[in-house]
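Chemist: Here you go, one structure.
Coordinate-derived values only; no laboratory data. Because the structure is predicted, anything quoted here is derived from the model rather than measured. Neighbour counts are summed over all protein chains in view; Cβ atoms, including those assigned to glycine, are modelled from backbone coordinates with ideal geometry.
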Amino acid sequence: MKHQVLILSAMLMIIASSCNRTNPLLTEWDTPYGIPPFDEIQPEDYIPAIKEGIAQQEAEIKAITSNSAKPTFENTVAPLELSGKLLAKVCGVLYNITETDRTDELDKVMEEAIPLLTAHENNILFNKVLFARIEKIYNSDQSKLTREQQMVLKKKYDSFRRNGIALPSAMQDQLREINTEIASITQKIGNNILSESNAFKETFGISVSDYPNAMTTTEDRDLREKMLKAYTNRGHNGNEYDNRELILKVLNLRLTKAQMLGYPNYAAYELEPKMAHDTETVDNFLSGIMQSAVKKAQEEVADMQKIMDEDVANGKLPVGSKIEPWDWWYYAEKVRKQKYDLDESLTKPYFKLENVVAGIFSAAKTLYGVNMEKLDGVPAYNKDEVTTYKVTADDGSLLGIFTTDYLPRDSKRGGAWMNNIRDQYVDAEGNMVRPIIVNVGNLEEYLTIDEVQTVFHEFGHALHGLLTQCNYSSVSGTSVTRDFVEVFSQFNENWAFQPELLKQYATNDKGEVIPEDLVEKINNSLKFNQGFMTTELCAASILDMKWHELEDFTGIDIDEFEKQVCDDMGLNKEIGPRYRTTYFNHIFSSGYCAGYYGYLWAEVLDKDAFSVFEASGNVWNPDLAKKFKETFLEKGGGEEAMVLYKEFAGREPDNTAFLRGRGLIE
Ligand SMILES: [Zn+2]
């Protein structure tokens, strides 16, 4: 026996020495600020590191569950919170790189990694001994815990409970089956939408993302009608990609799952941990917006009808022509030219990317005392295209590391986003760990108005990630509910076109500052067509809620149900929901079910918070900015969102500023 062991260890030594290279993911990183040594990491390093990370966390959890002492926050929740750090370190790098610099090799790594990680997560969430300890702490006197610790405890307790830990094992098995089935059907729905969108592209020669643009510029009215019908019938053509049956199946499975876990319907299950909390609150919230939006949209139709009437008088259209759904974008653009006369080819030269970046930094310095210092020679995941900054507070203390990666490349996913490579927390030895945050985009050298807002938006998320001062990573930074997280990105957009800031950053190549009349036109145009935009967004949010509030699907027909919901909400006949049921990707194949309202919810909060600054007579009010930073940006999810909001505003949020900002009321 002893002999065998000796042989084995000799073999291990040979293997180790023959590949004379250690996996950098498994070493301590002796780099500036602990930035991952990106250029040393190879694709083949990830899976062994993930396996090692899983094994380490399993051992850490074993140590917690085999502790014979009475369960306490310190001997259970705190070590659970600190467990899995190697896994977090590895996934922080991997998740970032697969989105920004995707390769076939990395795809294969992900294919292998996801099932490993999912199984590991399930093993934790179905660990009854671990839950029993957490439950005991949760049901004991919590008054000795800090507020942040109470929030961490609640979050952990809820994630076990909502995953079905308290159910008998037979029901747990059923639940796992339901989860798997939902995952596979929603993937099929997503693929069908993709196939139908590709068919749309083949027919009309434009991608679905260019649809609004094509509807704006296509003069041929019959073609517009055809495009609208093809676009809105995706997943509804009676072919192999028809989603109707699949959608009813998913809705039914979600309902079963919610009811097994003790909720009346799936919306109630989804909303429980969110800021909005219950279906009644969301329903009232949406119908309050809908009324003003529909009214404004009626005025917009009247404006468009006037221009259409001129086309009738000029003999371009038959007598009696009325605005139809396929006319909206086309005539809205004519109104926009007439009313706002904003030509983006005139504004673009003032919005050079590097100047806009200087603008976001300058606003953050003024508001929150944030200092950015470019770092050269530090590790970077894409040396040619990313820029890294050291971020410090005015007292010189380190806030974190911020990396920008704004330019497009083939290996990068579309869109723009913020990501944490490392979270902020306090480690087991009591040392503060500061975050590493990335902003990624697909931008050109000169930006449109929309893109300027995007840069401010993503930097708003970054500030939420960088300024955080928490103890536990599960509540630090942007680890807040989905209907709360967008408040801080959208809030930061409010500064983009403030005249004082534009004077600093919006200059053209000759160094001339953007003229005042252009600034005025930009600010006016932001209110343009908002009746329509709000109506279609709100209609889709209501449709999402109504589907997930249903408690019986017997005899439900998708078309009839959808029509009834639209009639009930008083939707204008010229407008449809932004997404109809059969191609509503957000709610049937990504995580926004009973959550699409979150976009509007967050915007109401951000506009309301901004109105507090406006009411003070100074949008740069330093006392308010300090209060905003300390109440929201430093606290993350360390307190309930509504409690924080009331602490900041001194009252509950109100939708007046949102409605006024979108020009829906005077
Ligand atoms: Zn966002």
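Chemist: Take the alpha-carbon positions of segment 490-600, form their convex hull, and give its projected area averaged over all directions (one quarter of the hull surface) in nm².
Modeler: Numbers: hull surface 39.9 nm².
Computing the convex hull of the Cα atoms and averaging its projections yields 10.0 nm².
Chemist: Moving to a separate point now. As a quick test, which of the pairs Lys229/Lys306; Lys155/Lys626; Lys296/Lys629; Lys249/Lys274 have an alpha carbon distance above 30 angstrom in this structure? Don't skip to the answer; put the middle values down first.
Modeler: Details: Lys229/Lys306 25 Å; Lys155/Lys626 28 Å; Lys296/Lys629 35 Å; Lys249/Lys274 25 Å.
Exceeds cut-off: Lys296/Lys629.
Chemist: Round to the nearest 0.05 the FRET efficiency obtained for Lys626 and Gln504 when R0 = 25 Å and r is the Cβ-Cβ distance. Let's see the in-between values first.
Modeler: Values: r = 21 Å, r/R0 = 0.85.
For Lys626 and Gln504, the calculated efficiency is 0.75.
Chemist: Percentage of Cα-Cα pair distances in segment 509-560 greater than 14 Å, rounded to whole percent? Provide the component values of the computation, followed by the final result.
Modeler: Details: 965 of 1326 pairs.
Result: 73 percent of Cα pairs exceed 14 Å.
Chemist: Taking Rh as the Kirkwood radius, which is the inverse of the mean 1/r over Cα pairs, what is the Rg/Rh value for segment 170-265? Walk me through the intermediate numbers first.
Modeler: On the way: Rg = 18.1 Å, Rh = 15.5 Å.
On the Cα set of segment 170-265, Rg over Rh gives 1.17.
Chemist: I would also like to ask the following. Within segment 335-432, report the GluC sites (Glu not before Pro) that DSSP leaves as loop and that have at most 14 other Cβ atoms within 10 Å. List each step's numbers first, then the result.
Modeler: On the way: sites: Glu344, Glu354, Glu373, Glu385, Glu429; in loops: Glu385, Glu429.
In loop regions of segment 335-432 (DSSP not H, G, I, E or B), the sparsely surrounded GluC sites (Glu not before Pro) are Glu429.
Chemist: Extension gain Lys527-Ala166, at 0.36 nm per residue separation less the Cα-Cα distance, in nm?
Modeler: On the way: separation 361, 0.36 × 361 = 129.96 nm, distance 4.99 nm.
Going from the current span to full extension adds 125.0 nm.
Chemist: So, with +1 on the Cβ of K and R and -1 on the Cβ of D and E, and no other charges, what is the size of the charge dipole of segment 239-288 about its Cα centre, to the nearest 20 debye? Present the calculation step by step, with values, prior to reporting the outcome.
Modeler: Working: 5 positive and 8 negative charges, 30 e Å.
Result for segment 239-288 is approximately 140 debye, rounded to the nearest 20.
Chemist: If one computes the Cα centroid of segment 507-556 and of segment 205-227, what distance in Å separates the two points?
Modeler: Comparing the Cα centres of segment 507-556 and segment 205-227, I get a distance of 20 Å.
Chemist: Taking amide H positions as placed in the peptide plane 1.01 Å from N, state which residues far from Leu399 in sequence (5 or more) or on other chains have amide H under 5 Å from it.
Modeler: For Leu399, whose amide H was placed from the backbone, the distant partners under 5 Å are Val391, Thr392, Ala393.
Chemist: Can I ask one more? Over the alpha-carbon set of segment 219-303, work out the extent along each principal axis and list the three values in angstrom, largest first.
Modeler: Projected onto the principal axes, the Cα atoms of segment 219-303 cover 53, 40, 14 Å.
Chemist: How big is the charge dipole of segment 557-666 about its Cα centre, in debye rounded to the nearest 20, if each Lys and Arg gets +1 on its Cβ and each Asp and Glu gets -1 on its Cβ?
Modeler: 380 debye
Chemist: Still on this structure, I have one more. Got a sec? Charge dipole of the chain, +1 on Cβ for Lys and Arg, -1 for Asp and Glu; which of Met215, Ala332, Ala132 is way out at the positive end?
Modeler: It is Ala132.
Chemist: P(r) of segment 148-194 in 10 Å steps, Cα pairs, percent per bin?
Modeler: Reading upward from the zero bin: 24, 31, 27, 17, 2.
Chemist: Then there is this: List, in order, the whole-Hz ³J(HN,Hα) value for each residue of segment 120-132 obtained from phi through the Karplus relation with A = 6.51, B = -1.76, C = 1.60 and θ = phi - 60°; use x for Gly and Pro.
Modeler: So the Karplus estimates, Gly and Pro as x, are 4, 4, 4, 4, 6, 6, 9, 7, 5, 5, 4, 5, 4 Hz.
Chemist: Cut-off under 12 Å on the C-alpha distance; same-chain residues fewer than 8 positions from Lys108 excluded. Which aspartates and glutamates are left, in chain and number order?
Modeler: Glu44
Chemist: Label Asn284 and Lys154 with points 7 Å out from Cα along Cα→Cβ: what is the distance between them in nm?
Modeler: Using points 7 Å along Cα→Cβ, the separation is 2.0 nm.
Chemist: Which is farthest toward the positive dipole end of segment 95-192 among Asn192, Thr180, Thr100, measuring Cα position about the Cα centre, with Cβ charges +1 (Lys, Arg) and -1 (Asp, Glu)?
Modeler: Thr180
Chemist: Under unit Cβ charges (Lys, Arg +1; Asp, Glu -1), what dipole magnitude, rounded to 20 debye, does the chain have relative to its Cα centre? Intermediate results must be reported in sequence, preceding the final value.
Modeler: Details: 71 positive and 104 negative charges, 283 e Å.
Roughly 1360 debye, rounded to the nearest 20.
Chemist: Next up: Can you bin every Cα-Cα distance in the chain into 10 Å intervals starting at zero and give me the percent of pairs per bin, rounded to whole numbers?
Modeler: Pairs per bin, as whole percents: 3, 13, 22, 27, 21, 10, 3, 1, 0, 0, 0.
Chemist: Suppose the Debye formula is applied to equal point scatterers at every Cα of segment 99-214; what is log10 I(q)/I(0) at q = 0.12, 0.13, 0.15, 0.22 Å⁻¹?
Modeler: Treating every Cα as an identical point scatterer, log10 I(q)/I(0) equals -0.74, -0.81, -0.91, -1.20.
Chemist: Using Cβ contacts closer than 10 Å as the measure, can you line up Met275, Met533 from fewest to most? Intermediate results must be reported in sequence, preceding the final value.
Modeler: On the way: Met275 23, Met533 18.
With the sparsest Cβ surroundings first, the list reads Met533, Met275.
Chemist: Helix 279-313: angle to the longest alpha-carbon principal axis of the chain, degrees 0 to 90, nearest 10?
Modeler: 40 degrees
Chemist: Any idea how far apart Asp654 and Val129 come out in nm if each label point goes 7 Å out from Cα toward Cβ?
Modeler: It works out to 5.6 nm between the two label points.
Chemist: Then there is this: Whole Å is fine, so just give me how far the alpha carbon centre of segment 137-166 lies from that of segment 355-431.
Modeler: The distance from the Cα centre of segment 137-166 to that of segment 355-431 comes to 33 Å.
Chemist: What list of ³J(HN,Hα) values in whole Hz, one per residue of segment 176-188 in order, does the Karplus curve 6.51 cos²θ - 1.76 cosθ + 1.60 (θ = phi - 60°) give from phi, with Gly and Pro shown as x?
Modeler: 4, 4, 4, 4, 5, 5, 4, 4, 6, 5, 5, 5, 4
Chemist: Can I ask one more? For a footprinting-style exposure proxy, rank Met418, Met642 by other Cβ within 10 Å, fewest first. Please list the in-between numbers first.
Modeler: Values: Met418 22, Met642 15.
Fewest to most other Cβ atoms nearby, the residues stand as Met642, Met418.
Chemist: Relative to the longest principal axis of the C-alpha atoms of the chain, give the angle of the C-alpha long axis of helix 147-163, reported between 0 and 90° and rounded to the nearest 10°.
Modeler: Result, in degrees: 80.
Chemist: Treat the count of other C-beta atoms within 10 Å as a stand-in for reagent exposure and order Val90, Val319, Val378 from fewest to most. Show your work: numbers first, answer last.
Modeler: Working: Val90 27, Val319 8, Val378 16.
Starting with the residue having the fewest Cβ neighbours, the order is Val319, Val378, Val90.
Chemist: On to the next question. What does the helix-only formula give at 222 nm for the chain: each DSSP H stretch with n ≥ 4 adding -39500 (n - 2.57), the total divided by the residues, and the result rounded to the nearest 500 deg cm²/dmol? List each step's numbers first, then the result.
Modeler: Values: 27 runs with 375 residues, N = 666.
Theoretical 222 nm ellipticity from helices: -18000 deg cm²/dmol.
Chemist: Near the amide H of Arg422, under 5 Å away, which other amide H atoms are found, from residues 5 or more places off or on another chain, if H is placed in the peptide plane?
Modeler: Distant-sequence amide H within range of Arg422: Ile436.
Chemist: Straight-line reach from Lys348: which lysines fall under 19 Å, measuring Cα to Cα and dropping same-chain residues less than 8 apart?
Modeler: Partners found: Lys337, Lys503, Lys510, Lys521.
Chemist: A further question on this structure: On a 0 to 90° scale, report how tilted helix 46-65 is relative to the longest principal axis of the chain, with both axes built from alpha carbons and the result rounded to the nearest 10.
Modeler: Result, in degrees: 70.
Chemist: Same structure, new question: HN-Hα J couplings of segment 471-483 from phi, Karplus 6.51/-1.76/1.60, θ = phi - 60°, integer Hz, Gly and Pro as x?
Modeler: Those phi angles translate into 9, 10, 5, 6, 10, 7, x, 7, 6, 10, 5, 5, 7 Hz.
Chemist: Are there trypsin sites (Lys or Arg not before Pro) in segment 38-140 that DSSP puts in a loop and that have at most 16 other Cβ atoms within 10 Å, and which ones? Provide the component values of the computation, followed by the final result.
Modeler: Numbers: sites: Lys51, Lys62, Lys85, Lys89, Arg102, Lys108, Lys128, Arg133, Lys136; in loops: Arg102.
Counting only loop positions with at most 16 other Cβ atoms within 10 Å, the trypsin sites (Lys or Arg not before Pro) in segment 38-140 are Arg102.
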